[in-house]
Amino acid sequence: MTHRLGPMQTLPSPMRKFADHDVVDYCIVGVGSAGGVLVQRLARAGFRVVGLEAGPFWDTEKDWVSDEKGSHELYWNDLRITGGTHPLALGANNSGKGVGGGSVHWAAFAPRFHPSDFRVYTEDGVGADWPMSYWDLKPYYELLEREIPVAGPAWFPWGDPHGHPYGPHPLGGVGDVLVRGCTKLGIRSVAGGPVAILSGSHGDRPHCIYRGFCLQGCKVGAKASTLITHVPDAITHGAEVRAHSMASRISLREDGRVEGVLYLDREGKEHFQRARAVIVSGYAIETPRLLLNSACPGHRHGLANSSGTLGKYLMAQAGNVVAGRFEELIRLYKAPPAHALSEEFYETDPHRGFARGFAVQTVGPLPVAFAKQMTAAMGAWGWGMRRVMMDYNHWATLGVLGEILPWEDNRVELADERDQHGLPVAKVTFNLHDNDKKLIQFGENKVMEIMRAAGAKQVVQESRFAHLVGAVRMGSDPSNSVVDRFGRTHDIPNLFVCDGSILPTQGSANPGLTIQALAARTADYLIKQGDAVFFSNRRDLTEPGIRYDLSPSYTRFKGNPRIA
Amino acid sequence: MTKKSFPFLATGGELNNLEQPGYFSGYSTMAQRKNWEKATRDVITDRLEKVPPIKFFSESEAALMAAVIDRVLPQDDRTEERTIPILPILDERLYKNSLNGFRYEDMPPDRDAYRLAIKAIDEMALGRFQSSFVDLTVHQQELILKSLHNGKPDPENALWCTMPVHRFWAMLMEDCVTAYYSHPWAWDEIGFGGPAYPRGYMRLENGLPEPWEKNEQRYEWNAPVDSVSELAEDDAPPEHESLHGHGGSH
């Protein structure tokens, strides 16, 4: 039967299947935002590639529904332990499972990081510098903005100002509140993006229908996920994406290089995939967990952990939600949750008394999510919950997206407990530090001010966190980082990490676009290195030069628009 | 049988035995089911028609949880036939041990947490009112639950030393609102558009209804006079941190 990837798109068939005894060139663990791009690029370049994905290979027509509760399976629901002074909610909040990973349920805001994000330590004396600059990544931002592609204003004024290949989306009620409130206070805002949702049809993907279920998986195929943007092209070019394959351990050969990946299939049967190189793309919790679970003689504290920093410097962004009740109807469930923002407070302002900043963005909680927010923000229960929910259509919600700095004590470790596969689960510890608290307080107040300026009669807020990055940090010094500027582990020459976990800092931009841009750049690097990755210990740290001939079909534009 | 908390004081008389509470009279999401695609239609229809049997809770546990849920998300204004099942959905989650992707380090596993809470709540009822929780008046039940909501169990109970009460409360609320607000009758009550694929929406701004949606018709709506669960100005819970796993996330 046809495997559907949207109303118009189908999964290319047949998919190549490697045999158990085959040695592939690259085994990629996790086919999400980064893994999807990696398998596509490497397959197009002619490598033998297998992607192992713990979750299912979604048939979007059969498996996805226009319903909050019915979308539970999109998330990483397996046990993890969370603690610290400010424990992170995991699961649906930030972790995907299944081909496409988190890009299946992201809201798809796709802003770039600012040039300053790559030099936080140099400019502010806190956090870390990246071992690369914005300008190294810029051509990949532009390329991925065309491949995904990103809709948004033709003039995005913050960071490195740029335009977007697809036009902005029409404004919804919540976006209107953001623009109104910001305008009243003299704060610049943009609307209609940047968001990786189609405002016009694109190859075999229809445009957005504004149904508001972005976080539940886009059945329309308008919202980008690597499941529909890169994985089909990967399969056309000979990659195998093996679903229901939970990696349990990376094993080494006697010479200290990686030999392959042990994984468990749906029935719990163990398999071994030999590979000439392995790229771990399991995101900020599963990636360090797998490396820690792969500890062996010579790597007693986890693979590639000679620095002792594996699992450390985990980050989440402050994601406080400010809700405002208006006399008039808003109907916040219409339009994509992600469609208007301001980055006016993104950069450090010494007058504020803390380093770095935050963005202001629209959010669009559907009824269940909104009711949970009212539990926290208003203490609503009983008749109070019934009453506040009867006013659901009168509320608008805006989010703070605040930069929390990388701290050594925010970390992923192994817990004593085990999951359904018998593997030790991750234990996540998260603490807020002084700078983070000041930043959150300021951001929360500012967004409440915007909400009031827009005309809200009642304004409440809920403290929460969004996104996960870090824990396998990239750096030039092997004594305080795990991977180099291309994601190669300092310790093992044929073991790479490429996903959100390698980010040294996180800015106040949603990380999805940056993760995909980094994956395309790492792929170019690997392709240029060729067989040397498999045999040589030499570490070439020069930029590979961008390849424009490896994009999926339908995505070749002449360039990104730039006005002024 | 559920206990009712009445009367409602509202303009025009008592609000009870309503087919459809809320301000969107005559609006029905299910009436739109022919416009939904099959997978969604199947999931929502099953939710409406197939209520899972109680398998996890014992009979007495189920009775107590039913009483708790009746107060945590009261439906006394609804007709019996239009009462949204909550306990069966919670029970099914616990029976399947379906997790939401994490557990706080200071919390026992979800199943143990509910069993502990059931015991603690009943002990509180006996301690304060010398009666089992299910036999208390609606008002007495609310007083006990309100103390859990406030994070200060009254009377104090040793079992709450083994589990942070605010985390249990957040989980209980999450389970209850998930069951209630994922039901099409609740969508009718709050005027939510419901599933919208493949049709989508065309009127995005100014809170305007689609041709098949209804405009709001407000009237005075009041909780029962003796209820202590009505919203209060200073009611935000003491812990200001992320207490749940969802959100209209970025």
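If you scan the range A:387-398, which residues turn out to be facing chain B (nearest Cβ under 7 Å) and either part of a helix (DSSP H, G or I) or of a type in the set (A, V, I, L, M) (or both)? Before you say what the answer is, go through the steps one by one.
As a first pass, look at the range A:387-398 and keep what is facing chain B (nearest Cβ under 7 Å): A:387-390, A:392-393, A:397.
Those that are facing chain B (nearest Cβ under 7 Å) and either part of a helix (DSSP H, G or I) or of a type in the set (A, V, I, L, M) (or both): A:Arg387, A:Val388, A:Met389, A:Met390, A:Tyr392, A:Asn393.
Within the range B:201-218, at least one residue is at the interface with chain A (Cβ under 7 Å from one of its Cβ atoms), in contact with a Pro (Cβ under 7 Å, 6 or more places away or on another chain) and under 27 Å from B:Gly26 (Cβ atoms). Every condition in (1) among the β-branched types (Val, Ile, Thr); (2) over 20 Å from the mean Cα position of the chain (by Cα); (3) more than 8 Å from every other protein chain (Cβ to nearest Cβ) holds for A:Thr375 except the one numbered (3). Look at the range A:177-230 and say how many of its residues are at negative phi and of a type in the set (Phe, Trp, Tyr). Residues in the range A:177-230 being at negative phi and of a type in the set (Phe, Trp, Tyr): 1 in total.
No other residue among A:Leu401, A:Leu468, A:Leu414 is surrounded by fewer than 22 Cβ atoms within 10 Å (Cβ to Cβ), in a strand (DSSP E or B) and within 14 Å of chain B (Cβ to nearest Cβ) apart from A:Leu414.
Among what's in the range A:141-162 and is closer than 22 Å to A:Trp106 by Cβ and in a loop (DSSP other than H, G, I, E, B), pick the residue that is farthest from the other protein chains (Cβ to nearest Cβ).
A:Pro149
Tell me which residues, restricted to the range A:238-259, are under 26 Å from the mean Cα position of the chain (by Cα) and either small (Gly, Ala, Ser) or not in a strand (DSSP E or B) (or both).
A:Gly238, A:Ala239, A:Ala243, A:His244, A:Ser245, A:Ala247, A:Ser248 - these are the residues of the range A:238-259 that are under 26 Å from the mean Cα position of the chain (by Cα) and either small (Gly, Ala, Ser) or not in a strand (DSSP E or B) (or both).
Quick one: in the range B:66-81, of everything that is touching a helix residue (DSSP H, G or I) at 6+ places or on another chain (Cβ under 6 Å) and either of a type in the set (Val, Ile, Thr) or over 20 Å from B:Ser227 (Cβ atoms) (or both), which residue is nearest to the other protein chains (Cβ to nearest Cβ)? Taking the candidates together, the pick is B:Val72. Is it the case that some residue within the range A:261-276 is assigned to a loop (DSSP other than H, G, I, E, B) and under 26 Å from A:Arg44 (Cα atoms)? No, that holds for no residue.
Which members of the range A:172-221 meet the condition of being β-branched (Val, Ile, Thr), away from chain B (no Cβ under 13 Å) and under 24 Å from A:Arg325 (Cβ atoms)? Write out each step before concluding.
Pass one, the range A:172-221, residues β-branched (Val, Ile, Thr): A:174, A:177, A:179, A:183, A:187, A:190, A:195, A:197, A:209, A:220.
With the extra rule that they be away from chain B (no Cβ under 13 Å), the set shrinks to A:183, A:187, A:190.
Selection gives A:Thr183, A:Ile187.
The lone criterion from (1) among the acidic types (Asp, Glu); (2) over 24 Å from B:Glu105 (Cβ atoms); (3) under 21 Å from the mean Cα position of the chain (by Cα) left unmet by A:Asp391 is number (3).
If the condition is being surrounded by fewer than 20 Cβ atoms within 10 Å (Cβ to Cβ) and among the small types (Gly, Ala, Ser), then the range A:198-247 contributes A:Gly200, A:Ser201, A:Gly203, A:Gly238, A:Ala243.
Could you tell me whether the range B:94-102 includes any residue that is of a type in the set (A, V, I, L, M, F, W, C) and not in a helix (DSSP H, G or I)?
First pass over the range B:94-102, keeping only residues of a type in the set (A, V, I, L, M, F, W, C): B:94, B:99, B:102.
Cutting the leftovers down to not in a helix (DSSP H, G or I) gives us B:99, B:102.
So far as the range B:94-102 goes, yes, one or more of its residues are of a type in the set (A, V, I, L, M, F, W, C) and not in a helix (DSSP H, G or I).
Might you let me know whether the range A:25-41 holds any residue that is assigned to a loop (DSSP other than H, G, I, E, B), surrounded by 19 or more Cβ atoms within 10 Å (Cβ to Cβ) and of a type in the set (D, E, K, R)? The answer is no; no qualifying residue exists. Filter the range A:92-140 for residues that are small (Gly, Ala, Ser) and in a helix (DSSP H, G or I); which is surrounded by the most Cβ atoms within 10 Å (Cβ to Cβ)? Among those residues, the one meeting the criterion is A:Gly101. Note on the range A:359-386: residues that are of a type in the set (Val, Ile, Thr) and outside any helix (DSSP H, G or I) amount to 3.
On the stretch given as the range A:82-97, residues that are under 20 Å from the mean Cα position of the chain (by Cα) and either at the interface with chain B (Cβ under 7 Å from one of its Cβ atoms) or under 14 Å from A:Gly319 (Cβ atoms) (or both) total 10.
If I ask for residues that are touching a residue at least 40 places away in the same chain (Cβ under 8 Å), assigned to a loop (DSSP other than H, G, I, E, B) and within 7 Å of chain A (Cβ to nearest Cβ), which ones from the range B:163-195 would you list? Don't jump to the end; show me each part of the working.
Initial filter on the range B:163-195 (touching a residue at least 40 places away in the same chain (Cβ under 8 Å)): B:163-164, B:166-180, B:182-195.
Then keep just the ones that are assigned to a loop (DSSP other than H, G, I, E, B); that gives B:163-164, B:182-183, B:191-195.
If the condition is that a residue be touching a residue at least 40 places away in the same chain (Cβ under 8 Å), assigned to a loop (DSSP other than H, G, I, E, B) and within 7 Å of chain A (Cβ to nearest Cβ), then B:Ser182, B:Gly191, B:Phe192, B:Gly193, B:Pro195 are the ones that fit.
Note on the range B:1-43: residues that are β-branched (Val, Ile, Thr) and either part of a loop (DSSP other than H, G, I, E, B) or at pLDDT below 95 (or both) amount to 3. Every listed requirement among (1) in contact with a Pro (Cβ under 8 Å, 6 or more places away or on another chain); (2) over 24 Å from B:Ala170 (Cβ atoms) is met by A:Val483 save one, (1).
The values are calculated or read from the model by the stated rules, or taken from the named source; none is laboratory data. Please read all numbers here as calculations on a predicted model, not as lab measurements. Here the Cβ is made from the backbone with ideal geometry for all residues, glycine too, and neighbour counts use every protein chain on show.
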